[in-house]
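The values are calculated or read from the model by the stated rules, or taken from the named source; none is laboratory data. All values reported here derive from a predicted model rather than from experimental measurement. Virtual Cβ from ideal backbone geometry, glycine too; neighbours counted across all protein chains shown.
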Amino acid sequence: AAKEAGKNAYTIFDLKSHFNRKERVRVLEQIGRAVSNKELELYYQPKIDFKRRVVEGFEALIRWNHPEDGVLGPGSFLDHIEYTEYARAVGNMVINEGVDRLLAFAGENLNYSVSVNLSPSHFLSQFFLQDLTDAVERLPVSIRHRLILELLETTAMDDTQVVMKTLRDCRNLEVELSLDDFGTGYSSLDYFRKLPVQEIKIDRSFVSDMLEDSDAESVVNAILGLSNSFRRRVVAEGIETQGMHERLVALGCNLGQGFYYARPMRFNDALTWAKAFAWPASNPDSIV
Ligand code: C2E
Ligand code: MG
Ligand code: MG
Ligand code: MG
């Protein structure tokens, strides 16, 4: 942008990167305290199974209950801690809370899944497999498939040899794997076919554009077709309206998340919501 601004470009103060830099310093100064004071909290967004008409599970999404700034979303701090020592600490906190929730569900005879988002740098690090093993071994083998690890498609493309090996090692622990924000990276069909993942999450951008933009709908349709051929389940994210829901069902999509059904909520609220969830039989396409 500075270059486009013309001959005086180098004298123009780059506000955006200035604030990013200040934000980064502040985050790195405070995140250690945040972890030890338990200021980080996972919210849970229900994942709906349209076919079986049930809540299939929850995705854990991190929030920072900041003492001065209120509740912060991941966009304001997660990127800053990537490739620092905190990525591992936060990553382990997230995975282990996911395990704790699954154990609590099992104690109540609930079979919800829990999806957790992996930190790219933790996933690619030498520590990841042992960290994951330590967490997953707390789960009985019979319910390990209910832990779903979400890896960004762009991360999966990073170091394909390492990624492929790590994903196989994860699978050997019996957990499931999901490719998040699919469609925003450009993984080759051959690589996609070989990735040992059980689930694909269609990026929100295609879902939100699909009613106005037939190209976006074509992408959604193509991902559904491809995933069907490769026997992966597909989750549509960012479903905000009944129109989007209906279109996705018409295209054969069976799973989705979005504000149309429920926002990410504190754990207890999400669980209460899920237990009360009922799809009115009289009007099968409406869930409100
Ligand atoms: P994601 O994994 O793709 O999660 C979906 C994001 O879309 C979440 O944003 C969610 O709140 C939001 N969302 C869900 N339904 C709707 C909808 O209908 N409309 C709109 N506009 N948005 C919707 P959030 O919580 O801000 O998280 C953003 C990203 O941060 C996540 O994208 C994920 O990549 C990352 N993230 C979140 N929690 C964690 C975590 O614990 N660890 C790591 N490593 N990454 C996380
Ligand atoms: Mg995700
Ligand atoms: Mg996503
Ligand atoms: Mg995303």
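Residue by residue through region 138-151, note down the ones that are under 12 Å from Val197 (Cβ atoms) and out of contact with any Phe, Trp or Tyr (no Cβ under 9 Å at 6 or more places or on another chain).
Filtering region 138-151 for residues under 12 Å from Val197 (Cβ atoms) gives 148-151.
Result: Ile148, Glu150.
Among the residues of region 123-138, are any farther than 19 Å from Ala270 by Cα, modelled with pLDDT of 95 or more, surrounded by 13 or more Cβ atoms within 10 Å (Cβ to Cβ) and within 16 Å of ligand 4 (Cβ to nearest atom)?
There is at least one residue in region 123-138 that is farther than 19 Å from Ala270 by Cα, modelled with pLDDT of 95 or more, surrounded by 13 or more Cβ atoms within 10 Å (Cβ to Cβ) and within 16 Å of ligand 4 (Cβ to nearest atom).
Report those helices (runs of 4 or more DSSP H) wholly inside region 85-144 carrying at least 3 residues which are within 16 Å of ligand 2 (Cβ to nearest atom) and under 20 Å from the mean Cα position of the chain (by Cα).
On the way: elements: 85-107, 120-123, 128-136.
So the answer is 85-107, 120-123.
What pairs come up if the first residue lies in region 82-95 and is more than 16 Å from Thr155 (Cβ to Cβ), the second is within 16 Å of ligand 2 (Cβ to nearest atom) and of a type outside the set (D, E, K, R), and their beta carbons are under 8 Å apart, counting only those six or more places apart or on different chains?
Asn92/His122
Out of region 161-194, which residues are under 22 Å from Thr133 (Cα atoms) and among the small types (Gly, Ala, Ser)?
Narrowing region 161-194 to residues under 22 Å from Thr133 (Cα atoms): 161-180.
Passing the criteria: only Ser178.
Suppose we filter Thr184, Thr155 for residues that are assigned to a helix (DSSP H, G or I) and within 16 Å of ligand 2 (Cβ to nearest atom); which single one remains?
Working: Thr184 fails: assigned to a helix (DSSP H, G or I).
One residue alone meets the criteria, Thr155.
Determine which member of the set Tyr191, Tyr260 is among the hydroxyl-bearing types (Ser, Thr, Tyr) and assigned to a helix (DSSP H, G or I). Even if it seems obvious, please write down each step before you answer.
Details: Tyr260 fails: assigned to a helix (DSSP H, G or I).
That would be Tyr191, the only listed residue that is among the hydroxyl-bearing types (Ser, Thr, Tyr) and assigned to a helix (DSSP H, G or I).
Being of a type in the set (Gly, Ala, Ser) and within 16 Å of ligand 3 (Cβ to nearest atom) is the filter; apply it to region 173-205 and report the residue that is surrounded by the most Cβ atoms within 10 Å (Cβ to Cβ). Even if it seems obvious, please write down each step before you answer.
In the first step, residues of region 173-205 are kept if they are of a type in the set (Gly, Ala, Ser); the result is 178, 183, 185, 187-188, 205.
Subset that is within 16 Å of ligand 3 (Cβ to nearest atom): 178, 183, 185, 187, 205.
Details: Ser178: 23, Gly183: 21, Gly185: 16, Ser187: 18, Ser205: 15.
Out of the qualifying residues, it is Ser178.
Pull out all pairs, ordered by first then second residue, where Cβ-Cβ is under 8 Å, the residues are six or more apart or on different chains, the first lies in region 59-74 and is within 18 Å of Arg101 (Cβ to Cβ) and aliphatic (A, V, I, L, M), and the second is within 16 Å of ligand 4 (Cβ to nearest atom) and not in a strand (DSSP E or B).
Ala60/Val94; Leu61/Pro74; Leu61/Pro264; Ile62/Pro74; Ile62/Leu78; Ile62/Val94
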